[in-house]
Structures are given as structure tokens and as C-alpha cells.
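Note sheet for the following structure.
What follows draws every value from the coordinates through simple rules; no lab data is involved. No experiment lies behind these values; they were computed from the predicted model shown. Every residue, glycine among them, receives a Cβ derived from its backbone with ideal geometry; neighbour counts consider all protein chains shown.
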Ligand code: GLA
Ligand code: GLA
């Protein structure tokens with residue numbers, strides 16, 4: 001098998017990628033020439049074109065006009081701007097829904113959603129599929145040998161869900177494939193509960209609006225199906241593109257921790273992993289949340305570089321109250337992505353729209369034009385990225401892995417659970433935070449990942465775990481790894497059936513812990529806890545009645561019904577020296593206490609952060625031989641450094657310490673003697 005093209009195909013000869021979504025169809029052609037000139041001046045070398053251009057390319061069924069797009073690609077090519085050419089299938093023209101209403105999606109209450117916005121298609125509609133693949137084939141054959149074509153962008157932000165009858169039929173086919181016969185399906189869905197037994201495949205429907213809580217196993221399979229149905233459509237488009245241009249990489253843009261789509265299964269089908277990411281300027285946790293998302297993208301890319309496909313230069317338009325980014329903020333965020341493995345830093349969008357739903361979304365060229373502080377900052381950033389070309393392709397080494405799984409996320413957050421306060425992504429972030437604060441690099445990985453290269457594996461929550469994955473986690477800790485498992489893990493199997501017996505059933509032995517009750521705590525009443533040494537801390541929201549069964553109680557509950565019962569357990573998991581340890585956290589500790597647990601686990605694992613003595617708000621991450629320091633805080637920060645190094649951004653030589661103003665970044669490469 002020949003190696004697939006990837007990010008390296010794009011960065012070769014170009015260095016880091018810089019650019020954005022370009023929608024010239026919204027502008028008269030005189031503006032295009034100006035765009036090209038401005039792009040050149042800003043160092044733009046990649047634009048995404050055609051994402052929402054289906055109606056312009058095919059104004060009536062089978063009547064197509066590519067001539068304008070020819071001119072756009074020619075213009076980009078002449079100006080040295082590579083094109084990420086999108087298939088236009090995220091927003092079908094009104095004629096599709098008008099003539100074939102069955103292509104329009106249906107929500108869970110049976111209402112059809114209309115055109116007039118975007119994303120209005122049923123992933124399982126044969127007519128949509130046929131029409132989409134037809135325009136994709138035409139696009140692929142027309143531009144296969146265009147010199148500006150560098151990357152294919154399939155659809156946009158896949159996440160559509162449809163509950164129509166065609167989706168129901170596709171769901172049944174998917175279920176037949178998974179279960180073979182109805183008896184197995186009835187067992188998997190536990191349909192003896194509430195008289196839900198299915199006697200005929202035709203009775204099975206998507207989980208539509210129902211009088212009361214819907215079967216959680218049915219809903220879990222529905223989520224799996226929805227992700228797979230979209231993936232099947234993506235693959236059909238991708239295969240056409242690959243057939244025409246085997247050497248051109250293919251991507252589709254992700255949305256971080258986006259619930260409807262299992263990105264682990266999608267990433268394997270892409271040549272380049274790309275993400276759209278819009279941190280909320282008012283969110284104090286945004287820097288850590290963003291770092292986590294970037295680490296997820298690197299994980300999805302198998303450790304290889306990825307592409308930040310879309311971010312905003314300032315405010316978005318789709319939150320209720322859209323805070324702008326202060327000067328320096330988008331640069332800081334771009335460089336954060338670079339530090340965490342992105343080889344391309346792109347934006348939505350090049351020129352701000354005058355009309356349409358996104359006319360108040362920031363862009364690289366704002367409504368006020370190019371003679372603006374914002375566009376000046378865009379140019380300056382493009383320039384400085386050219387000086388960082390040597391970072392492209394380099395890895396972000398990590399000795400810590402954090403396990404995250406979509407199926408477990410889906411299964412956990414169903415109705416009818418002990419508490420809706422315990423959520424998968426909140427748990428993930430709370431365990432990530434202390435690692436981020438300490439400058440410890442983390443790979444986000446699926447439960448099926450090969451864990452053998454990691455010194456520490458953190459499992460913030462794995463509500464659903466299969467036998468094989470539980471065995472792998474056990475073997476990891478027995479083999480010398482350090483494992484940290486958060487509360488309410490190991491609860492259900494792949495069918496979302498509770499694993500009976502003392503918990504966390506499949507991880508009980510390795511954790512040396514043995515639980516019998518999950519006990520959510522009242523809101524706003526701190527859970528009092530105590531370290532084995534005597535010092536107090538608090539937890540919140542969640543407790544468990546767990547006995548030590550081989551583990552030591554590192555901390556115990558210090559009040560109420562659970563007083564004296566273990567809250568945090570540590571089990572020497574292997575035999576003899578050099579063996580690992582396994583930690584179980586049976587509550588939700590306050591951030592400082594969780595930080596202490598993580599610090600002790602890091603000590604068990606012998607892992608240190610990128611730099612000792614990091615001031616709060618300063619992020620430190622090593623990529624290749626470059627140490628990135630990013631000041632997310634509101635104050636200037638002085639960071640001690642151990643070696644003489646050159647800042648790739650300014651050329652200054654740093655020795656002993658560096659001072660970072662708010663939103664400042666340094667990229668330190670050890671100084672050659
Ligand atoms: C009601 C119903 C039961 C069960 C319980 C759970 O009483 O009659 O079937 O659902 O609620 O609290
Ligand atoms: C997403 C989409 C874009 C645009 C931006 C606005 O990332 O892909 O088309 O809608 O959001 O933030």
C-alpha cells in the first residue's frame with residue numbers, strides 16, 4: 001500500500017499554512033483581484049473555497065456553471081495561494097428540498113426542517129446521496145489537475161441527524177448488520193423492560209418523541225448509527241475525490257468535542273485532521289479547554305500535525321452576546337494551536353460577509369476594510385508564521401495519555417441516571433486542568449489505544465467500558481503504568497447494561513477498590529474529605545461507598561454518612577519494584593485537591609512538566625526542540641528558564657528568565673553554542 005498524502009503534502013514547500021474560508025461568490029469580481037493582492041500581502045497560502053456554493057454551481061438540477069470557480073482557482077493559483085476545495089454538499093440548493101422533500105431532515109417530533117438556512121439534508125436519503133455524489137464527481141473531474149488544488153474539504157461540520165422513514169430503514173439495516181437477528185437485538189436493548197419487545201424489524205424506528213424516557217440502549221445504538229450514517233456519506237464523497245486525485249489529501253472539518261459524531265472512527269478515514277475552534281473570549285477556562293481540544297486533534301491525527309481550519313479573528317455572531325477578542329488574542333490562540341501540533345492556522349473567513357446569517361462574524365478583512373488595526377494584525381501574524389516554518393512537521397511528545405470515548409459519553413449522558421451533574425466532557429476538563437497548569441503534555445486517546453508508551457494514563461470517566469478495553473487498562477497498570485480512574489467508571493457494558501456486582505466491576509481488581517453505592521451529594525453542600533495525613537479538602541456533587549480491597553485510602557470522606565470511608569484510593573497494581581499504581585477517585589474533588597492527586601500520580605509515573613515554576617496563566621508546551629510559553633493571564637509573568645535560548649518570534653536571546661506581557665508568546669529554541 002502506498003502512503004497516503006497528509007499535512008506534509010501541504011506544508012512541503014509552503015511552510016505553515018495560513019489563510020481562511022474564502023467565499024468569492026458573495027462578491028463582484030472586482031473585489032476578487034483586491035482579495036488576491038491582500039492575500040499575497042498577508043502571506044496567505046491556503047484558502048477554503050466553495051463550501052456553500054452548490055446553488056451557484058448547479059442553479060437547476062443538472063445545469064452547471066463552473067466557469068466562475070475556474071476563475072477563482074486560476075486567480076488563487078496565479079497568486080501562490082493553494083486551494084482547499086470543498087464539496088458543496090453541506091447546503092443543498094432549495095430546488096433539492098422543493099422537488100424532493102424527502103431529502104429534508106425530520107426532527108424527533110416528526111417535523112420536517114426546511115431550506116432557508118443550511119445543513120438541510122437527511123444523511124440516509126438516496127436522492128440526496130445521488131445528487132451530492134453527482135456534483136462531487138463533476139467537481140472532482142473538473143479540478144483534478146488544477147495546479148491550485150491542494151486539499152479536498154468534504155462537506156462542512158458533519159452532525160446532521162434525521163428521524164424520517166428513510167433514516168428508519170437505514171437504521172434497521174445497520175441493526176441487522178450489528179445483531180443479525182431480532183432475538184439478539186431484543187436482548188441487547190433489554191426490551192423485556194416496559195414491554196418493548198420487537199416482533200418484526202419493521203416495528204423498529206429511530207428514538208422519536210415518546211411519552212417518557214426512551215430505552216437507553218436503543219438511543220445508544222441510534223447515536224452510533226447516526227455517526228456511521230454520516231460517515232458512510234462522507235466516505236462516498238471521499239472515494240470519488242480519491243479516485244480522481246489519489247495524491248491530494250482529503251479532510252472534513254471537525255468541531256472539537258462534538259457529541260453527535262464519533263471522531264475516533266472518522267479520523268481514520270481522513271488524510272488530514274482539521275478542526276474548527278471558537279474559544280469563548282469570556283470563558284476563564286478557555287485556554288485549557290482549547291489546549292485540550294488541540295490535544296484531542298493531535299490524538300485524532302495519530303500524533304501527526306493537524307490543521308486548524310477555522311477560528312475567528314475576533315467575535316463570532318452565533319452566541320447570544322459576542323465578546324470581541326482583545327488585540328493580540330487571535331495571535332495568541334493561533335500560536336497555541338501551533339504549539340500543540342497544528343501546521344496550519346486558518347480562519348473563518350477571509351472577508352466579512354455583507355449579507356446573510358453571518359454578517360456580524362469577524363473576518364480577516366473586516367467590513368471597515370484593510371486599513372484597520374485588525375487587518376494589520378492579520379498581516380503581521382502571517383508574516384511571523386513564515387519565520388516559524390521550521391516548526392512544521394515536528395511532534396509534540398507526551399508521556400501522559402487521557403482516555404476519551406464517544407460511546408461512553410453518549411451512554412453516560414442519557415436521561416434516568418443518578419445525576420446529570422456528572423458529565424463526560426466536564427470530567428475530562430477537570431482532570432486535564434492540573435496537567436495543563438503544570439505544563440504536562442497530554443495525548444487524548446481512545447480506550448482502544450496502545451497505552452504501552454505512556455507513563456501515566458488518566459481516565460476521567462469511562463462509564464461504558466468493554467471487556468477488552470477494561471482488560472487493556474488492567475494490563476497497562478499491571479505492566480508498570482500509572483492509571484488514574486475517575487468516578488462512575490466501568491458501570492455499563494457496550495449495550496449500556498449495568499455490570500452487576502461490586503464496582504467498578506471490570507476494573508475492581510486492578511484498582512483494589514470495591515464499591516456498592518453511587519451517592520450523588522446535595523448541590524451547594526461541600527463534601528468534606530481528609531488526606532491520610534490529616535489535612536482537609538472538599539469535594540462536591542458526587543460520592544461513592546467504596547471499600548479498599550488491596551488499595552490504600554489516600555483520602556477519606558470526613559463527614560456525614562460516609563465519614564471514614566475511602567474517597568481516593570491508590571493501589572500498587574503490579575508486583576514488586578518498578579510496578580505501576582492504580583488510582584480510583586470516588587468523588588469530584590475541588591480543583592486544588594484534584595491537582596494534588598494528579599501531582600502524586602505524576603510523581604508515581606516519574607513525569608515532570610515542561611518547566612518547573614510556571615506562573616499561573618502561563619502555558620508551557622514543547623513541540624520538537626521549541627519550548628512555547630504563552631501568557632493567558634491578565635498580568636505580566638516572569639518565567640525562569642534553564643537554558644539559553646533564542647525566541648523564534650523576535651530573534652531575542654533569552655537567558656535565565658523571560659518576561660511575558662499579557663497575551664505574549666515566546667517560542668524558545670535552545671541557542672546553538
Ligand atoms: C412510577 C412507576 C414505576 C416506576 C417508578 C420509578 O411509580 O409506576 O413504573 O417508573 O415510578 O420511580
Ligand atoms: C463554522 C462553519 C462556518 C461558519 C463558522 C462561524 O465553523 O464551518 O461555515 O459558520 O462556523 O463561526
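List of remarks:
- Each of residue 3 and residue 659 was given a label point 7 Å from its Cα along the Cα-to-Cβ line. The distance between the two points is 4.6 nm.
- Among 584-590, 32-38, 296-302, sorting by the average number of other beta carbon atoms lying within 10 angstrom of each residue, highest first, gives 584-590, 296-302, 32-38.
- Each of the peptides 356-364, 506-514 was scored by the mean count of other Cβ atoms within 10 Å over its residues; in descending order, highest first, they stand as 506-514, 356-364.
- Reciprocal of mean inverse Cα separation for the chain (Kirkwood radius, Å): 26.7
- Its DSSP H runs of at least 4 residues, each contributing -39,500 (n - 2.57), put the calculated 222 nm mean residue ellipticity of the chain at -9500 deg cm²/dmol, to the nearest 500.
- Net lengthening on full extension, residue 60/residue 552 (0.36 nm per residue, minus Cα-Cα): 170.0 nm
- Where labels lie 7 Å past Cα in the beta-carbon direction, separation of residue 27 and residue 186 in nm: 6.4
- Residue separation of residue 642 and residue 144 scaled by 0.36 nm, minus their Cα-Cα distance, works out to 174.2 nm of gained length.
- Relative contact order (%) - the chain, alpha-carbon pairs under 8 angstrom, separation at least six: 10
- Fewest neighbouring Cβ atoms within 10 Å first, the residues 163, 111 line up as 111, 163.
- Proportion of all alpha-carbon pairs of segment 400-605 beyond 27 Å (%): 21
- In this structure, residue 78 and residue 390 have a Cβ-Cβ separation that, at R0 = 41 Å, corresponds to a calculated FRET efficiency of about 0.90.
- Segment 400-605: relative contact order as a whole-number percent, Cα under 8 Å and 6+ apart: 20
- Highest mean packing first, where packing is the average number of other Cβ atoms within 10 Å per residue, the peptides 222-230, 74-82 line up as 222-230, 74-82.
- Our estimate of slack between residue 426 and residue 202, defined as 0.36 nm per intervening residue step minus the Cα-Cα distance, is 76.8 nm.
- If you bin all the Cα-Cα distances of segment 618-670 at 5 Å, starting from zero, the percentages per bin are 5, 24, 34, 27, 9, 1.
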